[in-house]
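All remarks here apply to the structure that follows.
The values are calculated or read from the model by the stated rules, or taken from the named source; none is laboratory data. Predicted model only: the values in this text are computed from it and were never measured. In this analysis, Cβ positions are derived from the backbone assuming ideal geometry, glycine residues included, and neighbour counts consider all displayed protein chains.
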Amino acid sequence: MTKVIRIDRYNPEIELIDYAAEVIKKGGLVAFPTETVYGIGANSFDEEAVKRIFIAKGRPQDNPLILHIASIDQVYDLTVEFPEKAKKLVQKFWPGPLTIVLKKSSKVPYINTAGMDTVAIRMPSNSIAHLLIKRAGVPISAPSANVSGRPSPTDASHVIEDLYGKVDVIIDGGKCDVGLESTVVDLTDEIPVILRPGAVTLNMLQEVLGEVRLDPFLLKKPDMDIKPKSPGMKYKHYSPRAEVYIVKGPLDKVVKKIKQLAKNQLKIGKKVGIMATVQTSTQYEEGEVIVVGDREKPESIAKNLFEVLREFDRREVDVVFAESFDYDEIGLAIMNRLEKAAGYKEIEAEGS
Ligand code: AMP
Ligand code: MG
């Protein structure tokens, strides 16, 4: 049975943390909050426990996990090399929403890395996550605590929805701050490559390292015949049950186009969802209109995106029309997740 424990992240009760840490040590599964999204965690060194993560989520075995740590020393334990560039990055961005990929040591069981010789490592800043890892005394392997393919969980209620009965403990620590998964940067080659965009942006990384590249797969529809460097990127992701379409173009044209698309769908009896923003929501007269955030504060859009996708499911809409965002700064991460949720279905508003 699953035990749900409420912990105050501003004043975490250590006896509750220790209860969960004990479950990890004994080979159990604990879902816990981080600043990005909720994770489903197990002792990284316990192969059987890590295997259970894949089963609980229905995650394909070729999609590797991120190992979460609480002190920089642990990087030496998990890798054969801690390059200068990696040190610079973690000094600046840890604890926080940045994952680094390095060459793995023999101590890391291959179940974590999907058989690869590289390992993804992150030090989260959320106080509950930090204490849980520290008190467990081992790195914790933790992918997002959703059923594979569903939007990532940014609140304990989402974890309960997806994983109740499949994990030993769910820690309820409130809503996640960032709301999108960590930036993943590969540091195993000469030039660092962003494999997954997140709140630590390309510009922020370039400021510290100079040249940093974006993985060419990032904004393309995945091709099943090509093996991307980050295996997780080829899977359909973050999807609500409704069909999602992103409407692109100048904002006024986008609003006009969405209104017209919504009208047509309503006419044929479909339930329509509209993902709007503070700047546009009052212009929509029909359909289930949900405000994802404020265009002036893109962090608010990141924070609410997955929750809004789940809310459309709760309202049982058939089709969602989503406004689009600029691909710069955190917008790159927002659009990357939105495009996956939409299965790359886009409608051009230009000229309408
Ligand atoms: P999740 O924890 O569900 O957010 O997914 C973890 C992400 O990190 C996936 O996209 C993985 O493909 C990526 N990842 C984990 N380990 C590695 C690795 N060794 N090399 C490249 N990408 C990785
Ligand atoms: Mg995930």
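Do we have any residue at all in region 258-270 that's in a strand (DSSP E or B) and out of contact with any strand residue (DSSP E or B) (no Cβ under 7 Å at 6 or more places or on another chain)?
no
Taking only region 80-132 into account, find how many residues are of a type in the set (A, V, I, L, M, F, W, C) and free of Cβ contacts under 8 Å to residues at least 40 places away in the same chain.
Looking only at that region, the number is 4.
Criterion first (among the charged types (D, E, K, R), in contact with a Pro (Cβ under 9 Å, 6 or more places away or on another chain) and either farther than 20 Å from residue 71 by Cα or surrounded by fewer than 21 Cβ atoms within 10 Å (Cβ to Cβ) (or both)) does residue 168 satisfy it?
no
Given the conditions (1) at pLDDT 95 or above; (2) within 16 Å of ligand 1 (Cβ to nearest atom), and given that residue 92 satisfies all but one, which numbered condition is not satisfied?
The number of the failed condition is (2).
Is it the case that region 162-176 has a residue that's away from ligand 1 (no atom under 12 Å from the Cβ), touching a Leu at 6+ places or on another chain (Cβ under 6 Å) and not hydroxyl-bearing (Ser, Thr, Tyr)?
Yes, some residue in region 162-176 is away from ligand 1 (no atom under 12 Å from the Cβ), touching a Leu at 6+ places or on another chain (Cβ under 6 Å) and not hydroxyl-bearing (Ser, Thr, Tyr).
Report, by residue number, each residue of region 177-211 that is touching a residue at least 40 places away in the same chain (Cβ under 8 Å), of a type outside the set (Ser, Thr, Tyr), away from ligand 2 (no atom under 16 Å from the Cβ) and in contact with a Leu (Cβ under 8 Å, 6 or more places away or on another chain).
185, 186, 187, 192, 200, 202, 205, 208, 209, listed by residue number.
Among 133, 128, 111, which is the only one that is more than 13 Å from ligand 1 (Cβ to nearest atom), over 18 Å from residue 73 (Cα atoms) and of a type outside the set (Ser, Thr, Tyr)?
Testing whether each residue is more than 13 Å from ligand 1 (Cβ to nearest atom), over 18 Å from residue 73 (Cα atoms) and of a type outside the set (Ser, Thr, Tyr) leaves just 128.
Residue-wise test of (1) in a helix (DSSP H, G or I); (2) touching a strand residue (DSSP E or B) at 6+ places or on another chain (Cβ under 9 Å); (3) among the acidic types (Asp, Glu).
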site	(1), (2), (3)
274	no, yes, no
279	no, yes, no
300	yes, yes, no
339	yes, yes, yes
344	no, yes, no
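Quick one: which strands (runs of 3 or more DSSP E) lie wholly within region 1-99 and hold at least 1 residues that are of a type in the set (A, V, I, L, M, F, W, C), exposed (fewer than 15 other Cβ atoms within 10 Å of the Cβ) and touching a strand residue (DSSP E or B) at 6+ places or on another chain (Cβ under 7 Å)?
Qualifying strands (runs of 3 or more DSSP E): 3-6.
Of the residues that sit in region 142-157 and are of a type in the set (A, V, I, L, M) and within 23 Å of residue 114 (Cα to Cα), which one is farthest from ligand 1 (Cβ to nearest atom)?
147
Determine which single condition residue 131 fails, assuming it passes every other condition in (1) among the aliphatic types (A, V, I, L, M); (2) more than 22 Å from residue 340 (Cβ to Cβ); (3) within 16 Å of ligand 2 (Cβ to nearest atom); (4) surrounded by fewer than 24 Cβ atoms within 10 Å (Cβ to Cβ).
(3)
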